[in-house]
Amino acid sequence: TGALAKTIGADPGAAVDDLVRRGLVEAVAGGYRLHEEARTAVSALVGGGADGARTIAALASGGDGDALEALRLALKAGDEARALAVCDASFEAMLAAGHAAALWKLLAGREGPSWSSFKLRAAMQLADVKVTTLLDEPPADALRDRLLWVRALYVESKLPAAVAAAESLWEAAKRSGDEAIAFWAALERAMASRVHAGPERGLELLDVAAPQNPAARSIVAALRSFWLAEVGRTDEAIRTLERTGLSRGAPHVAPLADEILGGPLDFFVRYYRMAAFMECGHLERAHDELTAGRATLDDDDRLRASYVQLDGIANLSIARGKLDEAARTLERLLRGAPASGSTYHVIARLLDRSEERCVGKECR
């Protein structure tokens, strides 16, 4: 508000109210933003020269929404150095505030290595962006970005490439002494290998991962339980689950976890423990696991690419006979991934169970 008002030299409240009335600016949560259709006209007021630079600087020092506007104006003015400075200072805050789509729209067409990491991080927040098709592979020395690249290959089901990239990254991280990157690279290699070559191979490679803290150990234990159940080693899976149970409501935080998994690590620990119990036939324990503490059935709303998890939640509801609950989850799954194979699988199972329930009744 102050930045806009200062630019057009009027009382802050009156100036912004006037812009809103004229349809140039709209009120949003936490502040104001320029209307898409009015960006060119308003940018002419604040673009170029000392006034434009002052406006961008004032916006850049504000909250995440102001920083996004500063980035727009800097790019519009062709001031790449200032735009990069905004990203350096505020990119994580803008992503955390849910501006990934707007950031991708702004940055997708930017060329040069200075933008590559920002483009990758924005794209990774969007489930419908084919990251590895649209972007170049990160350079060899950008270990953190290479880890995101491995995750993108996995999410896009490019499994042989994901396994090879994770192997290469694990070796590079071990050589450089970066234990956190090495752990997540090993975990990604095991997860991709489990899908590509089967759970036995995933279990074999999971032993290579070297978790450095209790939170990392919890995700390894959860995955191990699930994969043991998948290969029929049910008793061992249950023993692992009971030996590594989590305190109800306890947060689990590990470096890189949120960035790689796309949400709170404890949600994913609970999710894989749920999957293990479900695979072992303990449906009520599976449900209790998922709803424990922070890992509620609504937490997936905060997760990047959450549709990957929603199919499991829907299938659990179907297995427990909670078809209305499954249908509500399916609606959220369809919004996230209308063309995914898992979506069709859930629809088929839900229809089958619905038909069973409707035998002898008139059903819609």
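The values are calculated or read from the model by the stated rules, or taken from the named source; none is laboratory data. Note that the coordinates shown come from a computational prediction; the quantities given were computed from them, not determined experimentally. Here Cβ is always computed from backbone atoms with ideal geometry, including for glycine, and neighbour counts include all displayed protein chains. Keep in mind that these areas ignore ligands, DNA and RNA; they rest on the heavy atoms of the full protein, side chains included. Shrake-Rupley method; radii C 1.70, N 1.55, O 1.52, S 1.80 Å.
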Expected output for segment 325-338 (first residue open to solvent by 20 Å² or more (accessible area, probe 1.4 Å), partner among the aromatic types (F, W, Y) and at pLDDT below 70, Cβ below 9 Å, 6+ apart or cross-chain) is R332/Y307; L334/Y307; R335/Y307; G336/Y307
Please go through segment 13-30 and give me each residue that is modelled with pLDDT of 70 or more and not in a helix (DSSP H, G or I), ordered by number. R22, G23, L24, V25, E26, A27, V28
Does at least one position in segment 69-77 carry a residue that is at pLDDT 80 or above and open to solvent by 40 Å² or more (accessible area, probe 1.4 Å)? yes
Tally, over segment 152-173, of residues that are touching a residue at least 60 places away in the same chain (Cβ under 8 Å) and open to solvent by less than 50 Å² (accessible area, probe 1.4 Å): 0
S176 fails exactly one of the following numbered conditions: (1) open to solvent by 50 Å² or more (accessible area, probe 1.4 Å); (2) modelled with pLDDT under 95. What is the number of that condition? (2)
Criterion (closer than 21 Å to A70 by Cα, open to solvent by 30 Å² or more (accessible area, probe 1.4 Å), aliphatic (A, V, I, L, M) and not in a loop (DSSP other than H, G, I, E, B)) met by exactly one of A101, A83, A122: A101
If you check S225 against the conditions, is it under 26 Å from D145 (Cα atoms) and hydroxyl-bearing (S, T, Y)? no
Residues of segment 110-131 being among the polar types (S, T, N, Q) and modelled with pLDDT of 85 or more, which ones? S114, S116, S117
Do we find a residue being among the hydrophobic types (A, V, I, L, M, F, W, C), open to solvent by less than 60 Å² (accessible area, probe 1.4 Å) and at pLDDT below 85 anywhere in segment 86-98? yes
Would you pick out the residues in segment 125-138 that are in a loop (DSSP other than H, G, I, E, B), open to solvent by 30 Å² or more (accessible area, probe 1.4 Å) and aliphatic (A, V, I, L, M)? L126, A127
